[in-house]
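Worksheet for the structure shown next.
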Amino acid sequence: MLTTRIAGNAGDTALPAAQRAGDGGLSTRRLNVMRLGYAFMGVGLAVVKWPLFVQGVHSLPLMEGVVACLLTGMSLLALLGLRYPVTMLPILLFEVAWKLIWLAAVALPLAFSDGLDAAAGEVLFNCSFVVVIIAVIPWAYTWRRYVTAAGATWR
């Protein structure tokens, strides 16, 4: 296994090349699949939300403006994920989390009570694209990194 020395660390620790590169030991193919997810999310949001800034986001109703700003920020972070796919993994996790929460807490109850109107149906349609993001996340790595790994110490 390739290793490199990191100068300045206590004990001059040797790290595997995969960890040094910041890819979490994921293959290049897996990183590129993640990049497809970042591109899907970043470009999709850019096409839909960035024009609102050209038109004047300040003229939108308050909560629509908030959502437009939030999703524009997410698109910028997703595009950053093209360069740093492992580092930006939390933005993909956030995308999955909020959409699954909305689907479970809002869409499902509305659908069961026959209250799913056109506006909710449109959001449901848009949220259904979360399956693409779910498909590109390296779930085994995510489990190891965020669930079973030791957390940072509290000071």
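Keeping all protein chains in place, calculate the accessible area per residue for the chain (probe 1.4 angstrom), answer in Å². Please list the in-between numbers first.
On the way: 10170 Å² over 155 residues.
Averaged over the residues of the chain, the accessible area is 66 Å².
Reported to the nearest whole Å, the Cα centre-to-centre distance from region 27-74 to region 95-118 is 21. Using a 1.4 angstrom probe on heavy atoms only, work out the carbon and sulfur share of the accessible area of the chain in %. Here it works out to 68 percent.
When only Cα pairs below 8 angstrom with a gap of at least 6 residues are kept, the chain shows a relative contact order of 21 percent.
Rounded to the nearest 500, the helix-only mean residue ellipticity at 222 nm of the chain stands at -18000 deg cm²/dmol, with each DSSP H run of n ≥ 4 adding -39,500 (n - 2.57).
Using only Cα atoms and rounding to the nearest 10 degrees, what angle (0 to 90) does helix 62-80 make with the longest principal axis of the chain? The two axes meet at around 30 degrees.
I'd like the FRET efficiency for Ala97 and Val132, computed as 1/(1 + (r/R0)^6) with the beta carbon distance as r and R0 of 22 Å, rounded to 0.05.
Details: r = 15 Å, r/R0 = 0.69.
That gives a FRET efficiency of 0.90.
The values are calculated or read from the model by the stated rules, or taken from the named source; none is laboratory data. The shown structure was predicted, so the numbers you read here are calculated from the model rather than taken from an experiment. When we count neighbours, we look across all protein chains shown, and the Cβ atoms used for this are built from the backbone with ideal geometry, even at glycine. In case anyone asks, the SASA skips ligands and DNA or RNA and just uses the protein heavy atoms, side chains included. Shrake-Rupley method; radii C 1.70, N 1.55, O 1.52, S 1.80 Å.
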